Amino acid sequence: MSEPTLRTLRGRLLCPEQNNARFELVPDALIELDAHGLIQSVRAAPSDCRIPETHPGAVLLPGFIDTHIHFPQTRMLGSASGPLLQWLERSVFPEEARFAERAYAEQVAREFCDALIAQGTTCAAIFSSSHFDATDALFAELDRRGLRGLTGLTLMDRSAPAMLLQEPAAALEACSVLIDRWHGRDKNRLRFCVTPRFGLSCTPELLRGAARLAERHGLWIQTHLAENREELHATAAAFPASTDYLGVYEDHGLVGNHSLFAHCVWLSEGEWDRMARHDAVVAHCPDSNFFLNSGCMPLRQAIHRGIRVGLATDMGAGRTFSMRRVAASAYDAALILQAPVSPEALLWRATTGGAIALGLGAQVGRIAPGYEADLVALNVPAHVGPEGLFDALLFQHDAGPVRATYVRGQRLTPTHRSED
């Protein structure tokens, strides 16, 4: 569901820099778009401009990019049932089993896309369930709603209830069908991502098969890494020949510059060094890490190594679809580690940094000529001046909702919305 492509947007802009985690504030600007939603020019509005402000009282910035989120956990958001492994067993696996029914998956996919649009998320790296029909339904809804997505069927062949498991050959064949059907759809707006859940849920055969599939089709890989101490010990026992947790993925051909690892809370110094050498990517999930008591990922340490890091809700261990709230959680986590990161830098990582992390940095994530107009309009309290803008956007959670969400210049609408 989308409205016609606009040709001109007018308003206050936060224009991110490409290589530095900073923004330029433009008080009143015109964004000119072509018929395909590509930005043609960005310029200051003249004093006699007759084009009305598109969203009065709001600020326009690049759309939010969620680098790690779980579609099948939409309806169990906020389920507090223990640390990671117990939470998976008690809350996640029973709910994910319901996605064997396509009609249920289709209903949740609508809710999931509604929530992304309502929070200004224009692109997400998404875990589906282990079911072909559910993953197909998710792709279909993302396509229909105009969202940008990187998603895949979740690979699992052990350590979970039988109704969630697939043998490697069957699972990889299902992935191949989905790749043929969806990967590269609508000028690469939708992409398939090879998605082993994590080492504990996959046999070596499945991990190796996933690596071969990704290499054959030139695909990204997403999985979990070093989220929880108990998980680390269990993974070491399951893969005794590997030197450490990252080594499990290295040993099976799953680490490279198209590998996206969520959490990374408990990596050793050596693992961080190898992550940097591989040019692997981190999805930082601070709210989820707080909720499951997993720990605080050393964000500044990763940044100083030159590792690409995006922010992520990790909904439903994360308690929100809002990337602004996630950025606030990242701020808190950095303070706990006594390695603070500025609100401006965190907003950049929730937008431009996320685009760069997912390999989209030349396509989206900036407000500049040649970029696709994936944008969000955020309400700002009238009393907030330029010096308080980043604090207001990240920390004043009651200050106002997302006003509008655009992909390629088209305004996306939730199933139910109120008018401006």
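The values are calculated or read from the model by the stated rules, or taken from the named source; none is laboratory data. This is a predicted model, so every value here is computed, not measured. When we count neighbours, we look across all protein chains shown, and the Cβ atoms used for this are built from the backbone with ideal geometry, even at glycine. What goes into the accessible areas is simple: the full protein's heavy atoms, side chains included, and nothing from ligands, DNA or RNA. Shrake-Rupley method; radii C 1.70, N 1.55, O 1.52, S 1.80 Å.
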inquiry  = What is the angle, in °, between the Cα long axis of helix 204-217 and the longest principal axis of the Cα atoms in the chain? Nearest 10 is fine, range 0 to 90.
reply    = 40
note = Across Gly209, Gly310, Gly365, the residue with the highest GNM fluctuation in the chain (Cα network, 10 Å cutoff) is Gly209
remark   = Here the residues of region 45-75 lying in the modelled label zone of Glu111, meaning backbone nitrogen under 15 Å from a point 7 Å along Cα-to-Cβ, are 70-75
task = Calculate the length of the line joining the C-alpha centroid of region 118-158 to that of region 206-233, in whole Å.
result = 17
remark   = A convex hull over the alpha carbons of region 260-334 yields, per residue, a volume in Å³ of 73
query = Which distance in nm do the two modelled labels at Glu89 and Asp398 give, with both placed 7 Å along the Cα-to-Cβ direction?
reply = 4.0
Kirkwood-based Rg to Rh ratio, region 347-420, C-alpha trace = 1.00
task = Whenever you get a sec, compute what percent of the accessible area on region 310-420 sits on carbon and sulfur atoms (1.4 Å probe).
result = 50
query = Roughly speaking, what is the stretch gain from Glu167 to Arg300, that is 0.36 nm per residue apart minus the C-alpha to C-alpha distance, in nm to one decimal?
reply = 43.9 nm
ask   = In the calculated pair distance distribution of region 244-395, what percentage of Cα-Cα distances lie above 24 Å?
value = 35
remark   = Rg/Rh over Cα atoms for region 175-280, Kirkwood Rh, comes to 0.99
task = Report the local net charge at Ser130: Lys and Arg +1, Asp and Glu -1, summed over other residues whose C-beta lies under 15 Å from its C-beta.
result = -4
ask   = Tilt of helix 102-118 relative to the longest C-alpha principal axis of the chain, in degrees (0 to 90, nearest 10)?
value = 40
request  = Return the FRET efficiency for the residue pair Ala35, Thr243: r is the Cβ-Cβ distance, R0 is 41 Å, and the value is rounded to the nearest 0.05.
outcome  = 0.15
inquiry  = With a 1.4 Å probe and all protein chains left in place, how much accessible area per residue does the chain have, in Å²?
reply    = 37
request  = Take every DSSP beta bridge whose two residues both sit in region 272-420, then give the antiparallel share in percent to the nearest 5.
outcome  = 60
task = Working from Cα positions, state the angle (0 to 90°, nearest 10) between the long axis of helix 132-145 and the longest principal axis of the chain.
result = 10
query = For region 177-295, which whole percent of the accessible surface, found with a 1.4 angstrom probe, sits on carbon and sulfur atoms?
reply = 49
query = Using 1/(1 + (r/R0)^6) with R0 = 45 angstrom and r between the beta carbons of Arg50 and Asn20, what's the FRET efficiency to the nearest 0.05?
reply = 0.80
ask   = So what is Rg over Rh here for region 41-94, counting just Cα atoms and using Kirkwood for Rh?
value = 1.37
remark   = DSSP beta bridges in the chain: the antiparallel percent, rounded to 5, is 45
task = Could you work out how far apart the two model spin labels at Gln338 and Ala80 are, taking each label as a point 7 Å from the Cα in the direction of the beta carbon, and quote it in nm?
result = 2.9
message = When 1/r is averaged over all different Cα pairs and the result inverted, which Kirkwood radius in Å belongs to the chain?
response = 21.5
key: Carbon plus sulfur fraction of accessible area for region 1-148, probe 1.4 Å, in percent   = 48
ask   = What share of Cα pairs, in percent, lie more than 19 angstrom apart in region 5-147?
value = 64
request  = Using DSSP, restrict attention to beta bridges with both residues in region 5-162 and report what percent are antiparallel, rounded to the nearest 5.
outcome  = 50
request  = Restricting things to alpha carbons, tell me how big region 69-228 is in terms of Rg and Dmax, in Å.
outcome  = 14.7, 42
